[in-house]
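Here the structure comes first, spelled out in structure tokens, and everything after it is commentary.
The values are calculated or read from the model by the stated rules, or taken from the named source; none is laboratory data. The model shown is predicted, which means the values in this text are computed figures rather than measured ones. When we count neighbours, we look across all protein chains shown, and the Cβ atoms used for this are built from the backbone with ideal geometry, even at glycine. Calculation scope for accessible area: heavy atoms of the full protein, side chains included, ligands and nucleic acids excluded. Shrake-Rupley method; radii C 1.70, N 1.55, O 1.52, S 1.80 Å.
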Amino acid sequence: MDRIRLAFGFLLFSSLMALQSVSQESCPALTVPQVIPGTNIFNTQQEMWLGEAQAAAIDQSVATLPDAALTAYLQGIVDRLATNLPPGHVRFIVKLMDLPNAEAFSIAGGRIYISRKIVAVTRSEDEMAGILAHEMGHIVAHHAAIQSSEGFRKVLHVTQVTDQDDVTAKWNQFLSNYRRQNASMGTYEKAVEIEEREQVQADTVALYLAARGGYSTQAFAEVFDRIADTKGKTGSFWSDFFGATKPDSKRLRQIIKNTAAIPHSCQMTRTDTAAQFNQWRGSVIEYSSASLGHEETLPGLISKRVLTERLRPEIQHIRISPDGKYVVAQDDSNVFVLEREPLKAVFRFDAADAAAAQFTPDSRGIVLLFDPKGAPRVERWDITTQKRAEVHEIYVKGGCLRSKVAPDGKTLACLTMEMEAGLVKVDLNLFDVGSGTSFFFKKGFEVVSPIRLGTWKSSTASLALAKRSWKT
């Protein structure tokens, strides 16, 4: 089966580049063969209507950034990539998601969703273009539309749709009946096989679009390696033979192979925009609707009244600075900084769902850790300027079981876990906060039983664990 998949990947790329032998002076046009079973019942316009119906549910559950300037940068990359697609494709629309995880996905009708976390993971516009091109690959191959067509046929016994109202009604009917009937769309093994085919095809299209758009195809392999945490491992004949090669490693190997196979005539150049990308990336990471003064959007609002006094939740955390000059008082959504003698307020800033704030050793700043049990985000606030001085997103595949940041805000300890032989093995990973890179990893730092896991996570020992790590 593994040999068949490798052969399939080669044949797929060959079909995309089938015209290269005709002329070495021009790049062959992109062709996208159908590689997953099923019939697409949607034409281009109907597929866009399907995307609107799917997006309606997503937009209700996922927060998107309303800042048009930030989204416009991504839209510009997509528009550049789309110029190399065959005519008649759907119109692509990019949205930035305010999610803590590094995620990117697409739905029918050209809609692409990119999380702020995945923006933080990228290091260049070339890497960002590769991620966007991959999602465009799913769309131009009509993966979501074919899956929806199969769903309509199996659940609703529908083989055609008409206008927008009909598409929307059938999509909502499909969702209701699918949940009620708990309909099976196939075996798990078949679903995994289809997923692998879709990813290979989307990767192949991404490499073609990136090369034609003047972006580095090598950058796509690098960002995939970082997000998948494959550490450059691509497996070998023997690891494949014994079933030891992980799917992501096989995918990385195929990306590298397909990169080398791209005709030189397809590789365009462009002007480097590193400074512009870094500025945009920093704006996405530091984005805050409150600090940027965006107007709140409240659909259906009947009346609005401003309270004469601010609501004050219960203070949950108090800490005095090392020099004894300042006090931090923190509730569930705010951090208040006060002078100690005489006691008076200095400034306040938002800190919804942050871990307990701590002073830097020099008492000049405050360090905050957000999402310590998931995708960590570290902020440092300067007391003198009363402004946020630094913000860093740390990417950890699968998230942290628990994390803790050093008082100086420069090092983060992250605990991750894996099950083995009925036991939970906890690994320790130390990250340089500024660069977001790991500089120390200890596998099997602690071993606990699943029954004790909940107690272990909340115990004093787990807090001491992170503190001890700075000395490792």
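Would you confirm whether or not the stretch 354-373 contains a residue that is farther than 30 Å from E125 by Cα and at pLDDT below 90? Within the stretch 354-373, none of the residues are farther than 30 Å from E125 by Cα and at pLDDT below 90.
Scanning for something modelled with pLDDT under 90, of a type outside the set (A, V, I, L, M, F, W, C), within 14 Å of the chain's Cα centre (by Cα) and under 30 Å from C400 (Cα atoms), does the stretch 114-126 turn up at least one residue? Scanning the stretch 114-126 turns up no residue that is modelled with pLDDT under 90, of a type outside the set (A, V, I, L, M, F, W, C), within 14 Å of the chain's Cα centre (by Cα) and under 30 Å from C400 (Cα atoms). Candidates are the residues of the stretch 431-454 that are modelled with pLDDT under 80 and of a type outside the set (G, A, S); the one that is most open to solvent (accessible area, probe 1.4 Å) is I451. Inside the stretch 236-275, residues that are assigned to a helix (DSSP H, G or I) and either within 21 Å of the chain's Cα centre (by Cα) or not polar (S, T, N, Q) (or both) make up a count of 20.
Identification of helices (runs of 4 or more DSSP H) wholly contained in the stretch 106-219 with 1 or more residues that are touching a His at 6+ places or on another chain (Cβ under 9 Å) and buried (at least 16 other Cβ atoms within 10 Å of the Cβ) yields 116-121, 125-140, 143-151, 188-212. For the stretch 141-159, filtering for residues that are within 16 Å of G51 (Cβ to Cβ), among the aliphatic types (A, V, I, L, M) and over 21 Å from the mean Cα position of the chain (by Cα) leaves 3.
Listed by first and then second residue, the pairs with beta-carbon distance under 6 Å, at least 6 apart or on different chains, first residue in the stretch 28-42 and over 13 Å from G151 (Cβ atoms), second open to solvent by 30 Å² or more (accessible area, probe 1.4 Å) and in a loop (DSSP other than H, G, I, E, B), are P28/L19; P28/Q20.
Pairs are defined by a Cβ separation below 7 Å, a sequence spacing of at least 6 or placement on different chains, a first member in the stretch 242-258 that is free of Cβ contacts under 8 Å to residues at least 40 places away in the same chain, and a second member that is open to solvent by 80 Å² or more (accessible area, probe 1.4 Å); the pairs so defined are S249/K233. So for the stretch 419-430 (the condition being within 24 Å of the chain's Cα centre (by Cα), open to solvent by less than 20 Å² (accessible area, probe 1.4 Å) and in contact (Cβ under 8 Å) with a residue 40 or more places away in the chain), does at least one residue qualify? Yes: one or more hits. Within the stretch 55-69, the set of residues being surrounded by fewer than 18 Cβ atoms within 10 Å (Cβ to Cβ) and in a helix (DSSP H, G or I) comprises A56, A57, I58, D59, Q60, S61, A68, A69.
Within the option set L12, L16, L50, being among the aliphatic types (A, V, I, L, M), modelled with pLDDT of 85 or more and crowded, with 18+ Cβ neighbours inside 10 Å holds for one residue only, L50.
For the stretch 77-85, indicate whether the set of residues that are within 18 Å of the chain's Cα centre (by Cα) and open to solvent by less than 60 Å² (accessible area, probe 1.4 Å) is non-empty.
yes
For K233, the conditions (1) crowded, with 22+ Cβ neighbours inside 10 Å; (2) outside any helix (DSSP H, G or I); (3) of a type in the set (D, E, K, R) all hold with the exception of (1).
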